[in-house]
Number of protein chains: 2
Amino acid sequence: MQTNQPKSIREKSLKTILFAAQEEFVLQGYKGATVQSIADKAKLPKANVLYYFKNKENIYHAVLEHTLDMWDKGIGDIIPEDGPKLAIEKFIRAKVTMSFKHPQASKIYAMEIIQGAQHLKDFTRTYLRQWVRDKAKVFQHWIDNGEMKDVDPVNLIFLIWSSTQHYADFDNQILTIMNRADYEQDDINHVTRFLTDFILTGCELNND
Amino acid sequence: MQTNQPKSIREKSLKTILFAAQEEFVLQGYKGATVQSIADKAKLPKANVLYYFKNKENIYHAVLEHTLDMWDKGIGDIIPEDGPKLAIEKFIRAKVTMSFKHPQASKIYAMEIIQGAQHLKDFTRTYLRQWVRDKAKVFQHWIDNGEMKDVDPVNLIFLIWSSTQHYADFDNQILTIMNRADYEQDDINHVTRFLTDFILTGCELNND
DNA sequence: TTAAAATCTGACCCAATGGTAAGTTTATTT
DNA sequence: AAATAAACTTACCATTGGGTCAGATTTTAA
């Protein structure tokens, strides 16, 4: 990131292409996505897209990176000072909000992992593994302190991840089942409430 | 299915191709999968594969259908007679087992839904929607009867789905995080125990 | 105003891939 | 054993799609 005010042509183009690419990759998968249709979506000639990104692989990398960045920023931290109840509440709310607001990002990530995480092996082995270990330690600390039920922290993290991201990745299925066209703000609230309530109860942290 | 004993050449070929195709589709996605590499995996010449299945789309359909069949058979039912505790226990155990034993199936399905469920719109709109409504009714019945906590049944179903299938769809990520090469039987048991315990607690059904 | 740099574009190339055609070999039936 | 059907195979075609290139146009710098 350089200047930020008038936004150069370069930056604008990059952003447009990235956005178009994200859509295309989600809908068609990596191989299925064509540079031509990314260009069409971005309303640029194909050669122009290839001028900004050397090749298709590069576009995909950029999309992945952008996705990870956004996800990282959007999801707050789990810190000991919050205590288990508040920390879990905050975490679930953040994840649900992200899922409803940026389903594309979640989907790109999910597909990448499902297909073997070819482009994310490194990220998973280093960053993510450490993240999980750190957070598991925080949970374990609360458990040892008698502040929450003795549940396996790692699997708890998996449960929170999966149950929240489900609303992004499987939005089509969920909407079809509920016979609805789109999510609304109420849905975010409802799901957030359901999940926090349920999971806190699972941790024996609910005092309603 | 016809005869079953000596198994005709046709049946054997179909099965081989289907199995190879499943692998290929998971790894490469629909577009990324090539008939040639399906053929290679099945150790048959490409034209022979196209002899059994008119075209790539047909192979994919067959894989999807096979997947749904298997899933349907593998997951028991949720019936009122079992009562909430046993029913949920059985359901989770079945889903976790399926996830660990047939991750490919789960992945194919997940990718299809994530990408917009083009080939499963019908299945979702009719069969799945009805299934969810039926099972939600069973849960609601138990709730009204005071047999379990008043949680939203539909979202409970989503939570069980997502948290169980996560171990199939994201197996790469999970194994990498845990620094392991493969799942073992112990993992199935451990996860089953964790999820049943946690979810039953969430429904206030745990009497340990 | 001019030079240089950045942006844009149409035309083209070529490898990969889905699918076909036409025929050969193997299995089954009569 | 002959005839028919099923299974297999080789060679080929047409299209798609990633990527290049040479030059045009616009923007920025001197």
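The values are calculated or read from the model by the stated rules, or taken from the named source; none is laboratory data. Just so we're clear, the structure is a prediction, and the values are computed from it rather than from any experiment. Neighbour counts are summed over all protein chains in view; Cβ atoms, including those assigned to glycine, are modelled from backbone coordinates with ideal geometry. For accessibility, only protein heavy atoms count, side chains too; no ligands or nucleic acids. Shrake-Rupley method; radii C 1.70, N 1.55, O 1.52, S 1.80 Å.
Please give the average number of partner chain Cβ atoms lying within 10 Å of the Cβ of each residue in B:54-61, rounded to a whole number. Spell out each step's value before the answer.
Working: counts 0, 0, 0, 0, 0, 0, 0, 0.
Going residue by residue through B:54-61 and averaging, the value is 0.
Stokes-Einstein D for region B:84-170 at 37 °C, 0.692 mPa s, Kirkwood Rh over Cα pairs, in µm²/s?
Working: Rh = 14.1 Å.
D, rounded to a whole number, is 233 µm²/s.
Could you calculate the contour length gain from B:ALA181 to B:HIS141, that is, 0.36 nm times the residue separation minus the distance between their Cα atoms, to one decimal place in nm?
Details: separation 40, 0.36 × 40 = 14.40 nm, distance 4.34 nm.
Length gained between B:ALA181 and B:HIS141: 10.1 nm.
How far apart, in nm, are two points set 7 Å out from the Cα along the Cα-to-Cβ line at A:ASN206 and at A:ASP150?
Going by the 7 Å Cα→Cβ label model, 2.3 nm.
I'd like the mean, over residues of B:157-165, of how many other protein chain beta carbons sit within 10 Å of each residue's own Cβ.
Averaged over the peptide's residues, the number is 6.
Return the Cα extents of the protein assembly as shown along principal axes one, two and three, sorted largest first, each rounded to a whole Å.
73, 60, 41
If A:TRP142, B:TRP131 are ordered by their accessible area, calculated over protein heavy atoms with a 1.4 Å probe, which sequence runs from highest to lowest?
Details: A:TRP142 0, B:TRP131 45 Å².
Largest accessible area first, the residues go B:TRP131, A:TRP142.
How are the alpha carbon pair distances in region B:123-188 distributed across 10 Å bins from zero to the largest one, expressed in percent?
Calculated over all Cα pairs of region B:123-188, the distribution is 18, 33, 23, 23, 2 percent.
Which pairs, out of B:LYS56/B:LYS107; A:LYS41/B:LYS46; B:LYS107/B:LYS137; A:LYS15/A:LYS101; A:LYS7/A:LYS73; A:LYS121/B:LYS149, put more than 30 Å between their alpha-carbon atoms? Walk me through the numbers on the way to the answer.
Values: B:LYS56/B:LYS107 19 Å; A:LYS41/B:LYS46 35 Å; B:LYS107/B:LYS137 28 Å; A:LYS15/A:LYS101 18 Å; A:LYS7/A:LYS73 22 Å; A:LYS121/B:LYS149 41 Å.
Over 30 Å Cα-Cα: A:LYS41/B:LYS46; A:LYS121/B:LYS149.
Kindly provide the helix-only [θ] at 222 nm of the protein assembly as shown, computed as the sum of -39,500 (n - 2.57) over DSSP H runs of four or more divided by all residues, to the nearest 500 deg cm²/dmol?
Numbers: 20 runs with 294 residues, N = 416.
After summing the helix terms and dividing by the residues of the protein assembly as shown, the value is -23000 deg cm²/dmol.
Any idea what % of Cα-Cα pairs in region A:14-99 are farther than 22 Å? Walk me through the numbers before you get to the answer.
Numbers: 1485 of 3655 pairs.
Of all Cα-Cα pairs in region A:14-99, 41 percent lie more than 22 Å apart.
Which order, highest average first, do B:188-195, A:19-26 follow once you tally other Cβ atoms within 10 Å for each residue and take the mean per peptide? Before the final figure, lay out the partial values.
Numbers: B:188-195: 18.6, A:19-26: 22.2.
The packing order, highest mean first, is A:19-26, B:188-195.
How far, in nm to one decimal, is A:GLN130 from itself in the other copies if the label point is set 7 angstrom along Cα toward Cβ? Shortest first, please.
5.3
Find every distance from the label point of A:PRO45 to the corresponding label point in the other copies (7 Å from Cα along Cα→Cβ) and write them in nm, one decimal, shortest first.
Going from nearest to farthest copy, the values are 4.5 nm.
Quick one: with label points 7 Å out along Cα→Cβ, list the inter-copy distances for B:ASN145 in nm, shortest first?
Sorted ascending, the copy-to-copy spacings read 4.2 nm.
Can you give me the Cα centroid spacing of region B:79-99 and region A:1-68 in angstrom?
Cα centres, region B:79-99 to region A:1-68: 45 Å.
Counting only other chains, what is the mean number of Cβ atoms within 10 angstrom of the Cβ of each residue in peptide A:174-182? Display every interim value, and only then the final one.
Working: counts 6, 1, 10, 12, 4, 3, 0, 0, 0.
Taking the mean over all residues of the peptide, I get 4.
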